[in-house]
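Heads up, the thing below is written out as structure tokens.
Computed from the coordinates by the stated procedures, all read-outs in this text should not be read as laboratory data. Computed from a predicted structure; not experimentally measured. No Cβ is skipped: glycine too gets one built from the backbone with ideal geometry, and neighbour counts run over all protein chains shown.
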Amino acid sequence: MPRNKFNQVSGISNFVRNIGGGTGISLLTTFLARQDQIHRTALTAHTNHGNPFFEKQYQALVGSAAATGVGPVQATHHALAQLSGRVDLQSSVLSFANSFYVLSIVVLCLVPLPFIMKRPSAEESAAGAAAH
């Protein structure tokens with residue numbers, strides 16, 4: 001690269017890096033949001049009074065709220081709000097686990113890339129060393 005083009009090459013490199021970073025972040029955010037919705041839907045399907053584990057947790061939370069002096073209606077709302085928070089937390093954890101899995105696959109696919117890239121010739125190496 002000629003010395004007088006270094007500023008333009010640096011600017012283009014930074015521009016491409018910023019665009020790539022922004023695109024990657026937006027794709028990851030979209031993936032996380034969709035995975036969170038998928039897991040919340042799946043977990044919510046199991047939160048009903050026909051599920052004995054849900055019923056046990058629900059009754060324990062209602063009893064705990066009622067023991068603090070809250071009325072029965074407020075106790076049920078409080079218990080359902082706590083259970084909803086737990087479902088939200090679990091769906092978030094599962095979505096982050098899925099994104100970590102997908103990103104690890106991407107990194108594993110990129111690991112061989114430096115080994116299969118073409119090495120610079122002796123002239124290119126000397127020119128690059130002289131530039132620094």
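Details
- Per residue, the chain reaches -28500 deg cm²/dmol at 222 nm when only DSSP H runs of four or more residues are counted, each adding -39500 (n - 2.57).
- Residues T23 and L43, FRET efficiency given R0 of 35 Å [Cβ-Cβ distance, rounded to 0.05]: 0.70
- Q82-S99 pseudo-label distance in nm [points 7 Å out on the Cα-to-Cβ vector]: 2.9
- C-alpha long axis of helix 122-131 to longest principal axis of the chain, angle in °: 80
- Evaluated over segment 18-91, the Cα radius of gyration and Dmax, each in Å: 17.6, 56
- Residue order, fewest to most beta carbons within 10 Å, for H49, H78: H49, H78
- Net charge in the neighbourhood of S99 (other residues with Cβ under 12 Å of its Cβ; Lys, Arg +1, Asp, Glu -1) is 0.
- For the chain, the Cα-based Rg and Dmax, in that order, read 27.1, 83 Å.
- Expressed in Å, the radius of gyration and Dmax of the Cα atoms of segment 1-56 are 23.8, 74.
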